1. List every residue pair whose Cβ atoms sit under 6 Å apart, with the two residues 6 or more apart in sequence or on different chains, where the first one lies in the stretch 120-131 and is more than 18 Å from SER155 (Cβ to Cβ) and modelled with pLDDT of 95 or more and the second, anywhere, is hydrophobic (A, V, I, L, M, F, W, C) and part of a helix (DSSP H, G or I).
2. Which of the residues belonging to the stretch 47-71 are open to solvent by less than 70 Å² (accessible area, probe 1.4 Å) and of a type in the set (Asp, Glu)?
3. Confirm whether GLU106 is over 23 Å from TYR230 (Cα atoms) and open to solvent by 10 Å² or more (accessible area, probe 1.4 Å).
4. Pairs please, first residue from the stretch 212-230 and at pLDDT below 95, second anywhere and surrounded by fewer than 18 Cβ atoms within 10 Å (Cβ to Cβ), Cβ atoms under 6 Å, 6+ apart in sequence or on different chains.
5. Any residue in the stretch 45-59 that is touching a Leu at 6+ places or on another chain (Cβ under 6 Å), β-branched (Val, Ile, Thr) and touching a residue at least 24 places away in the same chain (Cβ under 8 Å)?
6. Given the options ASP146, ASP192, ASP208, name the one that is at pLDDT 95 or above and more than 30 Å from PRO38 (Cβ to Cβ).
7. Taking strands (runs of 3 or more DSSP E) that fall entirely within the stretch 128-230, which contain at least 2 residues that are hydrophobic (A, V, I, L, M, F, W, C)?
Amino acid sequence: GVAAQDLVGSLRGLQPRLYSIASSAQFAEDEVHLCVSPLKFELHDRARRGVASGHLAEDLQCGDMVPVYVQRNDNFRLPDDPSAPIVMIGAGTGVAPYRAFMQHREALGIEGRSWLFFGERNFRTDFLYQLEWQGWHRAGALSRIDLAFSRDQTSKVYVQDRLRERAAELFAWLDEGAHVYVCGDAAQMARDVHTALKSVVAGGLGCDDEAAEAWLRERQAEGRYQRDVY
């Protein structure tokens, strides 16, 4: 047999968890904010939780220390031209970097147009940073906001549905040089959003899916279509 400690000692260390930073150093100089949703699930009739998310959300007390490091992402950042419009598409904790974007723009007085598409399950419990988004929208810093709360009505509505509903206006923004960002779940949300964007472009250009895909690839190469998916 193998002693329990020997078994544990032979295991590889946990992979580090990467979280998008939800704040701007220009706005909150000595702080870094994270948006963490603790994972909870059942496995073999036992309640389980995400190792890192559960630890961060439920175990730590004020003043506790955790090891962290910053991993640069040069492919997910605001446009070099501050006047360029931005379209931010995210679901769940994928909204985190957009809060950082808005804080950054507010701190520097950047007034370019901005549009948020955000999706979650329920408006009452899951509208992350609700008061901040509403405040930015009231102040005009956030030009437009479209929300999709999938469980608040009988038929499920997702961010990709909102993209299709706003197709004409959205393509006009894209045609005028808007930068598009997608952040969140790679397996489903990002894929479905990409399909919806392809449909928006096909309708706007009057072309087929293949040409729309090529158009999006060109925007990606220019840095105008950026994705942070996980």
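1. Close Cβ pairs (under 6 Å, with a partner that is hydrophobic (A, V, I, L, M, F, W, C) and part of a helix (DSSP H, G or I)) amount to LEU128/VAL95.
2. Across the stretch 47-71, the qualifying residue is only ASP59.
3. Working: over 23 Å from TYR230 (Cα atoms): yes; open to solvent by 10 Å² or more (accessible area, probe 1.4 Å): yes.
Against the criterion (over 23 Å from TYR230 (Cα atoms) and open to solvent by 10 Å² or more (accessible area, probe 1.4 Å)), GLU106 qualifies.
4. ASP228/PHE76; VAL229/ALA186; TYR230/ALA186
5. No: zero hits.
6. Only one candidate qualifies: ASP208.
7. Numbers: elements: 144-149, 179-184, 225-229.
Strands (runs of 3 or more DSSP E) meeting the threshold: 144-149, 179-184.
The values are calculated or read from the model by the stated rules, or taken from the named source; none is laboratory data. Predicted, not measured: the structure shown is a model, and the values here were computed from it. For neighbour counting, all protein chains shown are included, and Cβ atoms are generated from backbone atoms with ideal geometry for every residue, glycine included. With ligands, DNA and RNA removed, areas are computed over all heavy atoms of the protein, side chains included. Shrake-Rupley method; radii C 1.70, N 1.55, O 1.52, S 1.80 Å.
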